[in-house]
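The values are calculated or read from the model by the stated rules, or taken from the named source; none is laboratory data. Owing to the predicted nature of the structure, the values given are computational and were not obtained by experimental measurement. Backbone-built Cβ (ideal geometry, glycine too); neighbour counts: all protein chains shown.
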Amino acid sequence: MVALGFVSLFPEMVQGFVAHGLLGKACSEGRCAVHIRSPRTYSTSRFGHVDDAPYGGGPGMVLRPEPVLAALEALKSEVAALAQARVIILSASGASFNQARATALAGQAQERGVIFICGRYEGIDARVTHFVDASLRIGDYVLQGGEAAALVVTEAITRLIPGVIGNHASLEAESFDHTGLGEYPQYTRPSVFRGLEVPSVLRSGDHERIAAWRAAQRRTLDSHDDSQCVPDAG
């Protein structure tokens, strides 16, 4: 069984996500277990506060280190499968998450489990980084909190765990594999839809030609200009 831990102010966000799809099925079948601790539970404030104003001034609030680390330590001490877990903090200053890191992290998750620390507000007191193994970001943009990012990473790594995806062949020659290329276009029935036809090579039954076509499509997709995906400002 793969153990995953989350330190989050919003446990319901994590619970709702992991209850569905193949991940939900994997958890129900005992292949994966998710454990969540909220820093609010470990607040020493009379009113349950877990944040404070940043030293040096500036807008917003920063998560205090004490409740965050108390939640992390509770996961490690209370869940045996997470005692030696790799700890990941989601941060805009972290290393860029990609398929290679997903593969490595999936292996580590199977060996000793993974714990994700999810920030909120202006972030987490930087001293918390001294108690983690790695810092990751899922893109060069800002989110309201680390939960969405942690769940993206969770989705990417758990699908690589044996048995989560029923057909293991689905993991072969997929997007961003060792070639670094994107996915080729996929089609299904009907063969003609609103005047648009499925490429004839895919209906030819010639597997060598199909493989060559797909390889060419992956190279073509990889050369696309990302600027074409940016919406107009006006």
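Could you please let me know if Ala26 is of a type outside the set (Val, Ile, Thr), surrounded by 20 or more Cβ atoms within 10 Å (Cβ to Cβ), more than 15 Å from Gly146 (Cβ to Cβ) and at pLDDT below 95? Yes, satisfied.
If you filter the range 35-71 down to residues that are in contact with a Gly (Cβ under 8 Å, 6 or more places away or on another chain) and hydrophobic (A, V, I, L, M, F, W, C), you find that the one that is farthest from Ile157 (Cα to Cα) is Val62.
Within the range 155-166, residues that are part of a loop (DSSP other than H, G, I, E, B) and among the acidic types (Asp, Glu) have Cβ atoms under 7 Å from residues that are at pLDDT below 95 and exposed (fewer than 15 other Cβ atoms within 10 Å of the Cβ) in no pair, counting only partners at least 6 apart in sequence or on another chain. More than 21 Å from Val34 (Cα to Cα) and part of a loop (DSSP other than H, G, I, E, B), is that true of Leu143? Yes, satisfied. Leu171 falls short on exactly one of the conditions (1) of a type in the set (A, V, I, L, M); (2) more than 34 Å from the chain's Cα centre (by Cα); (3) at pLDDT below 85, and that condition is (2).
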